[in-house]
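The values are calculated or read from the model by the stated rules, or taken from the named source; none is laboratory data. If you're wondering where the values come from, they're calculated on a predicted model, not measured in any experiment. Virtual Cβ from ideal backbone geometry, glycine too; neighbours counted across all protein chains shown.
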Amino acid sequence: MESWLLPTLWFAGWCWTINLSLNALGYATFRSKTLQSLDKPFDGTTTFFDSRRVFGDSTTWGGLVVALVLGVVGALLWPAHYLFVLALLVYAGHALGSFIKRRLGLGRGSYLPLVDHVDYLILAGIVLYALDAISGWAVLFWIFVTMIATPFITTAAFYFRVRRSPL
């Protein structure tokens, strides 16, 4: 197991870093009226043909900027590991998750298993697997680890009032 575990930690670690940064932005905008006024929804409140928002309020231009900036930083620090691409895939994974939740009629903050908390890893893993940058087993392992750890982390964050909901 050691032969692939540590070499693939860059994948999960960078995805988690981007995800935490997007959550930190969400927390900051929740706490600051100034940031709320600056961080606009990516869909601009546009509706899809089903008359529901395309992405909703949590997929924002500010999140895209955070992902792009961190992607550039990652690419400069470690160019051989797809860190810029991963940053964009994490954001796109969240956007895809929001899109799916809106199609199902679920609002912001509602929990949908496999979409919430691992949507970004699933999309990033599929793309990196297709690029032959990581094995399918490694992707599945890190998704499993994330699914096990996330409820504990989010519950603690809720307890410390950093999240609005425990999941």
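In segment 75-108, what residues are part of a loop (DSSP other than H, G, I, E, B) and touching a residue at least 24 places away in the same chain (Cβ under 8 Å)?
TRP78, TYR82, GLY105, GLY107, ARG108
Quick check on my filter: what residues within segment 2-54 are without any contact (Cβ under 8 Å) to a residue 12 or more places away in the chain, under 21 Å from the mean Cα position of the chain (by Cα) and over 28 Å from VAL127 (Cα atoms)?
ALA28, ARG31, GLN36, THR45
From the set of residues in segment 109-143 that are more than 28 Å from TYR27 (Cα to Cα), of a type outside the set (A, V, I, L, M) and free of Cβ contacts under 8 Å to residues at least 12 places away in the same chain, which is surrounded by the fewest Cβ atoms within 10 Å (Cβ to Cβ)?
Ranking the candidates gives ASP132 first.
Output yes when any residue across segment 55-69 is in a loop (DSSP other than H, G, I, E, B), over 17 Å from the mean Cα position of the chain (by Cα) and at positive phi, and no when none is.
Looking through segment 55-69, none of the residues is in a loop (DSSP other than H, G, I, E, B), over 17 Å from the mean Cα position of the chain (by Cα) and at positive phi.
Test VAL72 against the stated conditions and say whether it is out of contact with any strand residue (DSSP E or B) (no Cβ under 8 Å at 6 or more places or on another chain) and either in contact (Cβ under 8 Å) with a residue 60 or more places away in the chain or within 16 Å of ASN19 (Cβ to Cβ) (or both).
No; evaluated as a whole, the condition is false for this residue.
Can you name the condition, by its number, that ASP50 falls short on among (1) exposed (fewer than 13 other Cβ atoms within 10 Å of the Cβ); (2) in a helix (DSSP H, G or I)?
(2)
Restricting to segment 1-15, and then to whatever is surrounded by fewer than 20 Cβ atoms within 10 Å (Cβ to Cβ) and either among the aromatic types (Phe, Trp, Tyr) or touching a strand residue (DSSP E or B) at 6+ places or on another chain (Cβ under 8 Å) (or both), can you tell me which residue is modelled with the lowest pLDDT?
Looking at residues that are surrounded by fewer than 20 Cβ atoms within 10 Å (Cβ to Cβ) and either among the aromatic types (Phe, Trp, Tyr) or touching a strand residue (DSSP E or B) at 6+ places or on another chain (Cβ under 8 Å) (or both), I get TRP4.
Taking the residues in segment 18-47 that are surrounded by 19 or more Cβ atoms within 10 Å (Cβ to Cβ) and β-branched (Val, Ile, Thr) as candidates, determine which candidate is nearest to ILE153 (Cα to Cα).
ILE18
Which ones in segment 89-114 are of a type in the set (Gly, Ala, Ser), at pLDDT 90 or above and within 21 Å of ALA149 (Cα to Cα)?
Matches in segment 89-114: GLY93, GLY97.
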